[in-house]
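Below is one structure, written out as structure tokens; comments come after it.
The values are calculated or read from the model by the stated rules, or taken from the named source; none is laboratory data. For clarity, every value in this text was computed on a predicted model and none was experimentally measured. Here the Cβ is made from the backbone with ideal geometry for all residues, glycine too, and neighbour counts use every protein chain on show.
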């Protein structure tokens, strides 16, 4: 499936963590294979970009690796609807909910999440201090952190921004917004079509 994926120069640049100009230069010099659409835009086959990265000993970003993406929720019962929906969005998503801080710590070692979504309104998880430790510990520094908060408190938002938290969601968390967040992180996961919500009678 990955061999049939076509990328624009902008997507390839994001994939390689370089500028689009650099990608176009690789194409111009013949280092990276690409073709042009009838409109004159470059398109790059995913397999060709993977071969290019391998030949130059460049790592493939975790977000673009084909396979399961693991999401760990440290949340209260009020966030369970978004947890339940997340598990249905893609066959490539693995979802785990930790019912306690102890089990959350175990999940970091055994589940090895790519994303941790933590509810700051639930005291069980240790709030901002836990996020600070996750962000600054080398073993978890690459994990994307998302925070669920009550209201838009300026001090809290500034603290989260200083920690490099990748997304903040206000209660009640909108599943659609959380889905879009995950799709940005994992653009090459297989995403199912959203089913229309049933109307309340």
| Qualifying positions in segment 141-159 - farther than 23 Å from residue 112 by Cβ and not in a loop (DSSP other than H, G, I, E, B) | 149, 154, 155, 156, 157, 158, 159
| query | Do you know which residues across segment 160-180 are under 17 Å from the mean Cα position of the chain (by Cα) and in a strand (DSSP E or B)? | reply | 167, 168, 169
| note | Across segment 62-85, the tally of residues that are modelled with pLDDT of 90 or more and surrounded by fewer than 19 Cβ atoms within 10 Å (Cβ to Cβ) stands at 2
| note | Of 145, 88, the only residue that is at pLDDT 90 or above, in contact with a strand residue (DSSP E or B) (Cβ under 9 Å, 6 or more places away or on another chain) and assigned by TED's automatic domain parsing to the domain that holds residue 172 is 145
| Count of segment 138-162 residues which are farther than 26 Å from residue 88 by Cβ and surrounded by 15 or more Cβ atoms within 10 Å (Cβ to Cβ) | 5
| Exclusive hit being in a loop (DSSP other than H, G, I, E, B), more than 26 Å from residue 105 (Cα to Cα) and touching a residue at least 24 places away in the same chain (Cβ under 8 Å), set 189, 193 | 189
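Assess whether residue 32 counts as being crowded, with 18+ Cβ neighbours inside 10 Å and within 20 Å of residue 187 (Cα to Cα). Break it down stepwise before answering.
Details: crowded, with 18+ Cβ neighbours inside 10 Å: yes; within 20 Å of residue 187 (Cα to Cα): no.
No: the conditions fail for residue 32.
Could you tell me how many of the residues in segment 1-28 are part of a helix (DSSP H, G or I) and either modelled with pLDDT of 75 or more or over 20 Å from the mean Cα position of the chain (by Cα) (or both)? Full working, then the answer.
Within segment 1-28, the subset part of a helix (DSSP H, G or I) is 2-4, 9-16, 20-28.
Of the ones still in play, those that are also either modelled with pLDDT of 75 or more or over 20 Å from the mean Cα position of the chain (by Cα) (or both) are 3-4, 9-16, 20-28.
The qualifying residues number 19.
Conditions tested, residue by residue: (1) within 26 Å of residue 157 (Cα to Cα); (2) in contact with a helix residue (DSSP H, G or I) (Cβ under 8 Å, 6 or more places away or on another chain).
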| position | (1), (2) |
| --- | --- |
| 77 | yes, no |
| 93 | no, yes |
| 99 | yes, no |
| 102 | no, no |
| 107 | no, no |
| 111 | no, no |
| 115 | yes, yes |
| 118 | yes, yes |
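In segment 86-123, what residues are part of a helix (DSSP H, G or I) and surrounded by fewer than 17 Cβ atoms within 10 Å (Cβ to Cβ)?
At the first step, the residues of segment 86-123 found to be part of a helix (DSSP H, G or I) are 86, 101-110, 123.
Hits for segment 86-123 are 101, 102, 103, 105, 106, 109, 110, 123.
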